[in-house]
Structures are given as structure tokens and as C-alpha cells.
1. Is it possible to state the helix-based mean residue ellipticity at 222 nm for chain B, with each DSSP H run of 4+ residues giving -39500 (n - 2.57), the sum divided by total residues, to the nearest 500 deg cm²/dmol? What is it?
2. Just need the relative contact order of region A:134-283 here, percent rounded to a whole number, with Cα pairs under 8 Å and 6+ apart.
3. Using a Gaussian network model of chain B whose springs link C-alpha atoms within less than 10 Å, name the residue from B:LEU40, B:LEU114, B:LEU269 with the highest mean-square fluctuation.
4. Copy-to-copy spacing for A:ASP4, label 7 Å out on the Cα-to-C-beta vector, in nm, shortest first?
5. Over chain A, what relative contact order in percent results from Cα pairs under 8 Å that are six or more residues apart?
6. With θ set to phi - 60° and the Karplus curve 6.51 cos²θ - 1.76 cosθ + 1.60, what are the ³J(HN,Hα) couplings of region A:105-115 in order, to the nearest whole Hz, using x for Gly and Pro?
7. FRET efficiency for B:GLU194 and A:LYS286, Cβ-Cβ distance as r, R0 = 60 Å, nearest 0.05?
8. Which GluC sites (Glu not before Pro) in region A:260-319 sit in a loop by DSSP (not H, G, I, E or B) and have at most 12 other Cβ atoms within 10 Å of their own Cβ?
There are 2 protein chains.
Amino acid sequence: MKNDVNRQFRLKNRPVGRIKDSDFDYVETPIPELADGEALVRNLYLSLDPTNRIWMSDMDQYLPPVAIGEIMRGGGIGQVVASKSPHHKVGDIVNGLVGWQDYLHVKPDAMFPLSTLPKDLPIPLTTMMAACGMTGLTAYFGLLELGKPKAGDTVVVSAAAGAVGSVVGQIAKIKGCRTVGIAGGAEKCRLIKEEFGFDEAVDYKAADWREQLERATPNGIDVNFENVGGEIMEAIMPRMNLYGRMPLCGMISGYNATEPVKADFNPILMRRIGIQGFIVLDFAAKYGEGAAQLAQWVAEGKLKSKETIVDGLEKAATAVNMLFDGTNVGKLIVKIADPATV
Amino acid sequence: MKNDVNRQFRLKNRPVGRIKDSDFDYVETPIPELADGEALVRNLYLSLDPTNRIWMSDMDQYLPPVAIGEIMRGGGIGQVVASKSPHHKVGDIVNGLVGWQDYLHVKPDAMFPLSTLPKDLPIPLTTMMAACGMTGLTAYFGLLELGKPKAGDTVVVSAAAGAVGSVVGQIAKIKGCRTVGIAGGAEKCRLIKEEFGFDEAVDYKAADWREQLERATPNGIDVNFENVGGEIMEAIMPRMNLYGRMPLCGMISGYNATEPVKADFNPILMRRIGIQGFIVLDFAAKYGEGAAQLAQWVAEGKLKSKETIVDGLEKAATAVNMLFDGTNVGKLIVKIADPATV
């Protein structure tokens, strides 16, 4: 083991606006002795997601908020380094809620058990967190099950250079749709067209972004995969076509805000739009099917996975802000350690 | 024929706030000579609906707004009094968009053809406009197809003493749900419990209506059949259960307003709520099935139809305001004339 202590970041207070290092207590705890049935996991990669900001808050949410004093919740990938558990072998690569810490003390009664990844994966571990992980599955089920895109439909995705948005656009393209991505800045707009194959890009940082959206959707919008909320969602809503579908995946623009995200309901009624809030957990029963399809598309070169990797657990807290500033591309990941060869 | 002129109300200007008589031009036109293929219908009953207020405005809507100078659009029931059309026989009772006038000049190329009601109906004509008409079908399809109520679910209906709401509550009850109606005033609250069988009534005119709603929905809300929007919808939203369904039928509280009806989207995301805007036309292909079921429930005494009848075409304009003031109970109908015995 590289360290003889377990570095942990515990929530100290609920952030107001941007996340600061001082919102967390940095604690060094000893690495635990294992009791029967327990295992020790060395965390390798931590997934940073917009939902982390929700967990830090006490807003109405889909899991209990992280309690003050609790280790910050976070998904990630780790490696079993010691085990007295029948479920975990030393060397196994595991996947789940590992928390913002170097080591996860796995107890038999854990609320969220870790899953073990297959040996000899043909794709990098970081892709297993991105296009082929929860992120990819979020895009896959949200778009296909709720957005129900048909060939020729215009599909709009906000945060299109982000982890979920970039996969949504690529799947919509695979399904024969016209894809319009909304992203911040000329460089990201170039990237989503060249790298992720979007037909049109709308730069929400440009003064004329509303006109860009209008020009990019001359036939209206059939599916809006909503990631950001706020004024972008408000501009999309009146362009929705009759019977348009709107999977509501996130409203990142509001997570740092103190006021609720409100939007005009009138087009929902007049255009008979269907809106469905969801999280990937809603589709847990179908993860296998989705993951297999995503991996196949990656193998065939039809689906590209892009990751932004930040080095060092100590950077996790402030790195979450990148998601809100839009300074990451694709999946935002913190590298904690390299896997050991077992 | 009772009159030798056709009284018509034509939209003069788009109402601001409440509807005034002066928003319409009263015109007396001669009763037309019929050309081949045409028919003349004497209008008997005019249906007044919240959507009339939408048609008078130029807001984004599901049909073209009524043009300035055009006869006000309105659904209703009439009787064929002269015919050179193969589709209409003198004496037939017909149903459709008859307009705010005494006589409808039916031309062969009418955009919305009239349908003929069966002879010897076992229920009054006004019930054919209420529980067994478009109103009942709106309740039927919105609740069953979109709300998908299961036995034991808590179903909340706003405007519960109104034409649609009263039928929604009764169908939900037939399906074994716990029904909570929101209505204005103690008298209406009594009525919806005693007459329409709601389990609980919330009086939105009472100072403590929010507490009443809370007490009436101790297990949260599974289905919200939304008719009113505004602060009632805002109070319902955070009480929606996981995977709650919300058929969006109307937002009457906003139709007289100049600002859009906005609402907090956060619970939609966090509770994974499904919202679907609809109008009854979306289910036109299934009208037969729905109407047969509604008529059967009426015949069995399981479904009660209630109508408020205003006498006189000249009262139509200001009577629409009753829907917004909440002074009608059940279906609001203007009686224009009695059917003739043929």
C-alpha cells in the first residue's frame, strides 16, 4: 500500500454557491483491521458528477443528502487489496459508491454493495466510468426509453460536450436522428461536431445563442434531453414539436442557485409534451443489456468516450466546480492511484 | 324557426383579464338560403369551457386562435332544421363546433364536421355534453391513459367540482383509488364529497388550504390530474410520490393572466415524475370505447353528471367568466333553444 493512512474528505458544511475546500474536513484515519466478512478497497478513480452537488445540499433529492461529518459520497472504481470477504478477491477491480477517500472499508451490510468488473476488459477503466459506465447508461436509457427518438427526429442535448450529453448525441446519431448540441464556447462547439458527430452546435456563451438555436432547429425539436435547466430549457420549450418528449436528466444550472428552477408550463399543455424526470437507477434491471450495447458500439468505433482526468484526491472538492463552469470535456474523473498488478 | 335572423357573436378584440360583452360584436345576419350539399342547424346548447378563453387569446395554443371578426368558436349540440345535404336529415341532433350563434350554416367542406347523435338517447342531451361528452372523455382518457391509477393510489384533482374534475374523481373512485378533490368554498367541498364521492375535499378558498392538502394526502400523491396550475399546482408538486404521474389537462388559473404559468421543475427530477400535456383530441381514435364505458357507468348509477345551465345565447360571453370565478358546478352550458319535435 502506498499510504499508511486513509485520507478522507468529510462534509463540513453545505456549500453555498461554488464549492470550496473549506466545505470539507480533511481527515487522516488509520487503515482498518479487517473483521471476518470485510474487505479493503484501494480507490483508483473517483467519478465527479453534477449530482455530487445535490448530495452536498439538503434540497429535496432522490437519496438522503450526505450528512454533515459524513465521508463525501462518490462513485468510482477501486481494487481489492485485502479481503476476509467471500465476495471479494484481492486484485479484483470493483465499481460502486467508494466515497472521497483512499480506502473503502467494505462491510458485509453495506447499503450499496460494490460490483466486480470482469477481468481483462478490452477498454480502459476510465471508459468503464464514462461511455460504458453509469454515465453512458444514463444517456442510453434516458434517450431511448424516455426520449423514444425516431429516425429523422431532431434531438437537442444541452451540456453536449459533457459526460452524458456527448453520449446522448452519439446514440441519437446512431438511431438516425438530426442532433443539435448546446455547449459553451467555440472550442467545445467544434469538438462536439468533429468528435461526437453532432449535426449542429449552439454556443450558449455567444450573444446570439437563441438565434443559433432557432437556426439549428428549423423543424422544431422532437426530443430534448435536458441536462441544464434554466434559460436554456426555457428557450427550448417553445420550440418543442407536438408530442415532443423531454427526458429530464438534470438541471445543473440550478444546483448552485438558491432559488428553485422554474419554467413555463404552457408549451407542455399546448404542444402535449411529455416530461419524465429520471435517474439511471430507475433502469437498474436493464443495466446488463445497456452496458453490452454501449461496449459493442465502443468496440465498433461508433461511440467515442472522452474523459477529463484530474490527478489527486485532494483536488476533488474544487474539481466538481468544473462541471458547473463547463471547463471539463466528457467525463470528469479524479485519479487517486494506479491499479496494482496482482 | 323561432327567429328569422341569426344572432352571432364575433370576436371584436382579445380580452384582457376577464371577458366583457364589449369584447364581442353582436351581429344579426339573415338565415342563409341553402345550396346543394348544405344544411342548416338550429343550435340548442352551447358548451362553455376554459379553453374558450384560450381561443379568444393569441397565446401559443393547439388550434388557430379565433380571428378578430370571426364568429366565436364553441362546441355544442344543435338540430338540423333544413337540409340539402346527404349527411344530415331534418330533425337529426348533431354535435360539434357550432359556434356562438343561433344557426350554423353547414357547408360540405367544413373543417370540423358535425357528428349525428343516435336517436332515442336514454340520457338527456346535456349529459351528452357533460359526463358522456367531450368533458367526460377528457377525464376518462387523461386519467386512465396518462394518470394510470392503480387501486389504492392517492389521486388529486383540482377544479374538482368542475365539469372534468368531477368526472375524474368518480372514475378514480371506480378504479379503487383514494380521491382528493380541490374546490373553492365549503359548499363545493360538501358537494364533491356527497355528490361525487371524493374521500377528501380541500377548500382552496380557506386560509389553511395548504394544511388541508397536507392532511388529505398523508401518503403523498400518486396521480395529480392538473386543471388549474398556479399556486395549487406548486403546492401539489412537492407532495408527489416517486414515479408520480401528472396528466396536464389545463392551467385555468393562468388563462386570464398576462405572465406565463411557471412552476418548480425540481420535484419532477428528484421524484421522477412524468408530466404529459394532452387534449381530448389526442384520443379521438378511441372516443367510441370511452363514450360507451361512460354511458354504461351513468346507466349503472356509478357516474353522476352535473350541469349548470345558463339561459340565453346573449349571456355566453360573460358566463365564461363563471369558469374562472368558480361559480358553476359541473358542466357549464348555455341553453339557446329547445329541440323541436320532428
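1. Calculated at 222 nm, the ellipticity per residue is -6500 deg cm²/dmol.
2. Details: 314 pairs, mean separation 33.6, N = 150.
Relative contact order of region A:134-283: 22 percent.
3. Comparing B:LEU40, B:LEU114, B:LEU269 in a Gaussian network model of chain B, the most mobile one is B:LEU269.
4. Here the equivalent label points are 11.5 nm apart from this one.
5. On the way: 746 pairs, mean separation 64.5, N = 342.
Here the relative contact order equals 19 percent.
6. Whole-Hz 3J(HN,Hα) from phi for region A:105-115: 8, 8, 9, x, 9, 4, 5, 10, x, 7, 9.
7. In this case the efficiency is close to 0.80.
8. Passing sites in region A:260-319 are A:GLU300.
Where a number appears in this text, it was derived from the coordinates with a stated rule and is not lab data. Just so you know, these numbers come straight off a predicted model, no measurement behind them. All Cβ positions, glycine included, derive from the backbone under ideal geometry; neighbour counts span all protein chains shown.
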